[in-house]
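**Q** Below is one structure. I have some questions about it.
Each value in this text was obtained by applying a stated rule to the coordinates, not by laboratory testing. Predicted model only: the values in this text are computed from it and were never measured. Here the Cβ positions follow ideal geometry from the backbone for every residue, glycine too, while neighbour counts run over all protein chains shown.
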Amino acid sequence: MYPLKFKPLYKDYVWGGRNLASLGKPLPAEGNVAESWEIACHKNGSSIVANGEYEGIPLPGLIKALGRKLIGEALPQQDVDKFPLLVKFIDAQENLSVQVHPDDGYALANENGEYGKTEMWYIISARPDAKLVYDVVPGTTRESFAEAVARNDVESCLNTIEVSAGDVIYIPAGMIHAIGKGIIIAEIQQNSDTTYRVYDYGRVGRELHIQKALDVINFSSAGTGKKCTGITLPLSAGSTRRIVVANRYFCTEIYDVSGSADDIADGSRFHIYVFVSGSGTIEWEEGRLPVRAGESVLIPAAMGKYALEGNMTALKTYKPDPEKDVLRPLLDAGFSEELVFSEIAGLRESLQHGLK
């Protein structure tokens, strides 16, 4: 077992540019690149290993060969059968469409067994005054939104926020959203490619999905969303980790490494690191792997002890047991339940879901 890098899968959607080159991505000689699928195992694109013994093997084949040594003993069989996450870099040279994603129940019933899509964004860079569409404005109802769509006045219903580098945004299924122009993000999401567009700034030839969007938009959430603050904890040698999002699909922690940070893949679950600034190495018993901003790495569940060395910021993501892996350790460390639920996006809702 060793840290796995993958060849990027580039998507050339109409709103993309060539700004992922600023992350050191080796872009094609010509054309726009809207998204780089970093770690993907989906019918619309699967990653191919780029390093080591398994170089050239597609991720689905590697999962079939390694099974729970890669995925982990603690995760359900469905995560071995279908990899649970999809990791991307996104370059919004122009505004993305205003869109919403379904939850698991709606997607399974209406999208041929596809997962729903809950996601989070880490803002890598943003032009001055760059904005996101983040939910509808308070007071918007299904009826008033449908009327706005009919009269081509969707923008009057949209809540926008300004963002800058380092901001974290949580987008649960059912929340309407759009990345504004001039923003580069790292995205962690469920393994789904289902998007319902409701407004596309007058672009011609792109399908809208009004009825499905109206079915899944959570109008009751209006005004409750905020940038993720998180809770910061110490790591070894002066490094820190900040837990920002935790739900039943993924937990994301921001690792700020200054020197070293020890970790372990103990066999229970895989880890993913998305490097957003700086450089360094991943060191484990059998070797060392250079890493830098613009790269993503999958740590197999059974790899054992390892360390991040250098000066860098990375998003560590894994699929947790929200109570056992997130809530309980923080309560035991002396943080109040009120603070934990306030600062870590998605945790309260995921625990409530588990109690149903």
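**Q** What three numbers, in Å, describe the spread of the alpha carbons of the range 1-142 along their principal axes, ordered from the longest?
**A** Answer, in whole Å and largest first: 49, 41, 23 Å.
**Q** A follow-up question, please. Using a Förster radius of 51 Å, what is the FRET efficiency between Asp153 and Ser22 based on their Cβ-Cβ separation? Nearest 0.05, please.
**A** E(calc), rounded to 0.05, equals 0.90.
**Q** Moving on. Compute the distance from the alpha-carbon center of the range 46-88 to that of the range 1-29, in whole Å.
**A** 20 Å
**Q** Just in the range 124-158: which trypsin sites (Lys or Arg not before Pro) are loop by DSSP and have at most 16 other Cβ atoms within 10 Å?
**A** Answer in residue order: Arg151.
**Q** Work out, step by step, the length gained on full extension between Lys226 and Leu108: first 0.36 nm times the residue separation, then minus their alpha carbon distance; give nm to one decimal.
**A** 39.6 nm
**Q** Same structure, new question: Relative to a virtual label point 7 Å from the Cα of Glu349 in the Cα→beta-carbon direction, which members of the range 104-131 show backbone nitrogen distances below 12 Å?
**A** Only 104, 117-120 pass the distance filter.
**Q** Simple spin-label model, 7 Å along Cα-to-Cβ: Val137 to Ile210 in nm?
**A** 2.1 nm
**Q** Which helices pass in the chain if a helix is a full DSSP H run, must span at least 18 angstrom along its long axis by Cα, and must have mean Kyte-Doolittle hydropathy not below 1.6?
**A** Qualifying helices: none.
**Q** Here's a follow-up. Between the range 283-307 and the range 105-125, what's the alpha-carbon centroid distance in Å?
**A** Here the answer is 28 Å between Cα centres.
**Q** Further question: I need the peptides 29-35, 79-85, 333-339, 108-114 ranked by packing, meaning the mean over residues of other C-beta atoms within 10 angstrom, with the highest value on top.
**A** So the order, starting with the most tightly packed, is 79-85, 29-35, 108-114, 333-339.
**Q** Report P(r) for the range 317-356: all Cα-Cα distances, bin width 10 Å, range 0 to the bin holding the largest distance, values in whole percent.
**A** P(r) over the range 317-356, rounded to whole percents: 29, 61, 11.
**Q** Going highest first, how would you order 298-311, 8-21 by mean Cβ packing within 10 Å?
**A** Per-residue mean Cβ counts within 10 Å order the peptides as 298-311, 8-21.
**Q** Then there's this: Counting helices only, and only those DSSP H runs with n ≥ 4, report the 222 nm mean residue ellipticity of the chain as the sum of -39,500 (n - 2.57) divided by its residues, in deg cm²/dmol to the nearest 500.
**A** Mean residue ellipticity, 222 nm, calculated: -4000 deg cm²/dmol.
**Q** While we're looking at this one, here's another question. Based on the alpha-carbon gyration tensor of the range 231-355, what equivalent-ellipsoid semi-axes (square roots of 5 times the eigenvalues) come out, in whole Å, largest first?
**A** Semi-axes, largest first: 26, 15, 13 Å.
**Q** Along the principal axes of its C-alpha atoms, what lengths does the range 282-338 span, in descending order and rounded to whole Å?
**A** So the extents along the principal axes, rounded to whole Å, are 40, 24, 18.
**Q** Over the alpha-carbon set of the range 6-51, work out the extent along each principal axis and list the three values in angstrom, largest first.
**A** Result, largest extent first: 24, 23, 15 Å.
**Q** Please list, in order along the range 190-203, the HN-Hα scalar couplings obtained from phi with the Karplus expression 6.51 cos²θ - 1.76 cosθ + 1.60 (θ = phi - 60°), rounded to whole Hz, x for Gly and Pro.
**A** The phi angles translate into 4, 6, 8, 10, 9, 9, 10, 7, 10, 7, 9, 6, x, 5 Hz.
**Q** Output ³J(HN,Hα) for the range 260-277: one whole-Hz value per residue in order, computed from phi by the Karplus curve 6.51 cos²θ - 1.76 cosθ + 1.60 with θ = phi - 60°, and x for Gly and Pro.
**A** Result, ordered by residue: 8, 8, 7, 8, 8, 9, 8, x, 7, 6, 6, 10, 10, 10, 10, 8, 10, 7 Hz.
**Q** Let me ask something else. Whole number please: convex hull volume per residue of the Cα set in the chain, in Å³?
**A** 140 Å³
**Q** Now, a different point. Structure shown: which of Lys7/Lys88; Lys69/Lys319; Lys25/Lys117 lie over 19 Å apart, alpha-carbon to alpha-carbon?
**A** Listed pairs above 19 Å: Lys25/Lys117.
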